[in-house]
Amino acid sequence: MNMREHCIKLITIILSVFVLVNFTSCRQKATGVVNVHSSEVQEEVFDPYVEGNKRILALETEEIELVIKRHHWNMQETGTGLCYEVLSPGTGACFVEGDSVAMKYTIALLSGQKIYDSETDGIKTFRVEKSEEIPALHEVAKLVSPGAKVRMVVPSHLAYGAGGDGDKIKGREALIMNVEILNH
């Protein structure tokens with residue numbers, strides 16, 4: 001095998017490993033460095049996608065913090081990054097997996113531009129952890145009681161993700177949501 005063929009084979013192997021790592025990286029800790037194993041060698045390969053996503057998340061987090069500070073909202077942050085403020089507490093037990101929830105809502109961009117609301121688009125009804133509603137709504141339903149009114153600032157990974165909603169919300173768009181839980 002000549003040098004050119006050897007280089008092409010090596011590049012092909014590296015690209016194959018890179019593609020394979022990208023498909024499996026969701027299950028790995030997002031460090032930006034990926035361990036690549038073979039029978040002969042173990043090496044660390046820098047993963048630009050992980051690093052890029054970390055930078056995007058840091059910028060989004062900074063933007064969310066600025067919006068909260070600008071409005072003087074007194075929000076709590078969950079471990080997932082959801083920021084919420086209970087404007088009016090409800091009564092009774094919090095929702096659990098499988099409970100049916102109905103809620104009034106408004107959805108706006110961080111700029112304040114209103115995108116959707118229940119007055120126009122109808123009340124949202126879903127089963128906690130049993131439907132394909134955005135993760136933020138499942139999470140907030142488990143944090144509050146029926147009758148609660150909550151303001152949330154939702155990072156994109158808890159909203160419509162990298163793809164957006166296919167209509168009015170772009171990919172990687174953080175949102176401001178106001179919800180009122182109607183029932184248990």
Inset, instruction - Can you spot the aspartates and glutamates whose alpha carbon is less than 16 Å from Lys124's alpha carbon? Ignore those fewer than 8 places along the same chain. - result: Asp99, Glu132, Glu133, Glu139, Asp165, Glu180
Legend entry - Karplus (6.51, -1.76, 1.60) ³J(HN,Hα), θ = phi - 60°, over segment 78-85, in Hz, Gly and Pro reported as x: 7, x, 8, x, 5, 9, 9, 9
Inset, instruction - Return the sequence-ordered ³J(HN,Hα) values of segment 169-175 in whole Hz as given by the Karplus equation 6.51 cos²θ - 1.76 cosθ + 1.60 applied to θ = phi - 60°, using x for Gly and Pro. - result: 10, 6, x, 6, 10, 6, 10
Legend entry - Residue-count net charge about Val179 - beta-carbon cut-off 10 Å; Lys, Arg +1, Asp, Glu -1: +3
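Every read-out reported here was derived from the displayed coordinates using simple, explicitly stated rules and does not represent laboratory data. Just so it is clear, the structure is predicted and the values come from calculations on it, not from any experiment. Note that we place each Cβ from the backbone using ideal geometry, even for glycine, and neighbour counts take in every protein chain shown.
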